[in-house]
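For reference, the structure discussed in these notes is given below.
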Amino acid sequence: MTTRTLLRSGHVISMDPGIGDLAQGDVLIEDGRITAVEPEISADAEVLDMSGHIVIPGFVDTHRHTWEAPIRGVAPDATLDDYFVDILDTFAPLYTPQDVYAGNLAGALECLNAGITTLVDWSHINNTPEHPDAAIQGLAESGIRAQYAYGSANTSLAEYWFESRIAIPADDVRRIRSTHFASDDGLLTMGLATRGPGFCVDEVVAAEWAMARELGLPITVHVAMGRLAGRFGMVKQLHDLGLLGPDTTYVHSCHLSGEEWRMVADSGGTVSVAPQVELQMGHGWPPVMQAIEYGLRPALSIDVVTTVPGDMFTQIRAAFGAERARVNADCWQSNMPVPSNMLTARQMLEIATLNGAHVAGLEDRTGSLTPGKRADIVAIDATAVNVAPVHDAVAAVTLCADVSNVDTVLVDGVIHKRDGRLLGDTARALRLVGEARDRLLEAKEAKGARAPA
Ligand SMILES: [Zn+2]
């Protein structure tokens, strides 16, 4: 029997150019798939009243280290250099599989609560073979759509992050691929989270890229950020190794040269920008407009909740503000008028939804309210005191709303949040993530006590 859900009488922003916006519209879902988006639909269905709500595609976070949820806010003032020491060298080696499970479960619920329906989980916490299974279990239990990107171990900064000679273990990647991801059609799909040139020696880079391609896994890699990697010329090095391709997402990309931007664009690669992190931690300016100027469709990402908020509204505002600030500053310097083609609020919504699906390699199934796509849908309460009255529904979402206004969230047609409340066992996830925090702090203290003076 077909299960039908009808979202009735919302202000629909479809992000599908063929459908556009409907000031009052209905969305019909059949067995988890969007089958119609029209001004009025009559169907024998469970009806969700969307009057007073703005209905949008779910946000897509194209890069987050979800395992860090137990150490949320632990490094508020960190630079990227500090982060390597304070997080990757201090906390990451102490993570047990239970900590990763708790982090991924609570982190994914945090995403759903904030209207993020698709997540690329950049999981470089595979200290033992039990860690990836725990990470995947956390994602699966949350019900989020995610690309699980298998990353390196983090047992030692020196061994894994500077001229590393240790490749991600191919046998275990194969095991995870065949155990959990025999098909690429599920709610969870798989990728490979690689470190890249500079962080690894060339032989390791070549081995990891070859493994990803052998197993048909999309590649995600941090490039061109901060004082260190900003100078590696990582994309140029990948080009010289003959490894660039359309299966690769370049995260940050703040200090790419013009030549490297062309290489990314010409090879069909994609770009994930984490604006709040990049502005705050010294990665560089978030290169949203640069990516657009090279013909790319950049997406947004949260990256680390150790240091920045975990929601997409923050990222939209950070990128929008930073890019317009740059243009205004240049125009002030040259005493020229501000150009008319500055980034717009609507572009920001497209970047946070449809472009995200493109970058995650999932545009065929999510990112817009298009018949045929899976039903990943968010409703924003437009009657809230910080959103009403609405003049421009796109502005209401991108510039007025926040997490407190995320009223309803569906993933794959399944309702995960309704009337502003998560339906899953949030209390259990919070208890587990709190226990993980306690265990990690205790282990950190014990390690400190053992360290030579
Ligand atoms: Zn990252």
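The values are calculated or read from the model by the stated rules, or taken from the named source; none is laboratory data. This is a predicted model, so every value here is computed, not measured. As a convention, Cβ positions derive from the backbone with ideal geometry for all residues, glycine included, and neighbour counts pool all protein chains shown.
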Matching option when the condition is farther than 29 Å from MET190 by Cα, assigned by TED's automatic domain parsing to the domain that holds ARG324 and modelled with pLDDT of 95 or more, among THR353, THR344, THR383
THR344
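Restricting to the range 111-153, what's the tally of residues that are among the charged types (D, E, K, R) and within 16 Å of the ligand (Cβ to nearest atom)? Full working, then the answer.
At the first step, the residues of the range 111-153 found to be among the charged types (D, E, K, R) are 121, 130, 133, 141, 145.
After this cut, where a residue has to be within 16 Å of the ligand (Cβ to nearest atom) as well, the list is 121.
Selection size over the range 111-153: 1.
Residue by residue, here is whether (1) surrounded by fewer than 24 Cβ atoms within 10 Å (Cβ to Cβ); (2) under 26 Å from the mean Cα position of the chain (by Cα) holds:
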| position | (1), (2) |
| --- | --- |
| LEU6 | yes, no |
| ASP21 | yes, yes |
| ILE34 | no, yes |
| GLU38 | yes, no |
| GLU46 | yes, no |
| ALA69 | no, yes |
| ALA78 | yes, yes |
| PHE84 | yes, yes |
| ALA108 | no, yes |
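Kindly state which helices (runs of 4 or more DSSP H) lie completely within the range 254-357 and contain at least 1 residues that are within 16 Å of the ligand (Cβ to nearest atom). Don't jump to the end; show me each part of the working.
On the way: elements: 258-266, 275-281, 288-293, 312-334, 345-352.
Result: 275-281, 312-334.
Please state which one of GLU214, GLU203, GLU259, GLU208 is charged (D, E, K, R), assigned by TED's automatic domain parsing to the domain that holds ILE87 and crowded, with 19+ Cβ neighbours inside 10 Å.
Numbers: GLU214 fails: crowded, with 19+ Cβ neighbours inside 10 Å; GLU203 fails: crowded, with 19+ Cβ neighbours inside 10 Å; GLU259 fails: crowded, with 19+ Cβ neighbours inside 10 Å.
The unique qualifying residue is GLU208.
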State all residues of the range 64-90 that are within 26 Å of ALA375 (Cα to Cα) and out of contact with any His (no Cβ under 8 Å at 6 or more places or on another chain); if no residue qualifies, say none.
ARG64, THR66
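In the list GLY226, GLY230, which residue meets the criterion of being free of Cβ contacts under 8 Å to residues at least 60 places away in the same chain and within 16 Å of the ligand (Cβ to nearest atom)?
Values: GLY226 fails: free of Cβ contacts under 8 Å to residues at least 60 places away in the same chain.
Unique residue meeting the criteria: GLY230.
Might you check whether a residue that is part of a strand (DSSP E or B), within 16 Å of the ligand (Cβ to nearest atom) and in contact (Cβ under 8 Å) with a residue 24 or more places away in the chain occurs anywhere in the range 43-56?
Step one: filter the range 43-56 for residues part of a strand (DSSP E or B), giving 46-49, 53-56.
Subset that is within 16 Å of the ligand (Cβ to nearest atom): none.
Scanning the range 43-56, I find no residue that is part of a strand (DSSP E or B), within 16 Å of the ligand (Cβ to nearest atom) and in contact (Cβ under 8 Å) with a residue 24 or more places away in the chain, so the answer is no.
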Hits in the range 233-253 - residues which are among the β-branched types (Val, Ile, Thr) and more than 16 Å from the ligand (Cβ to nearest atom):
VAL235
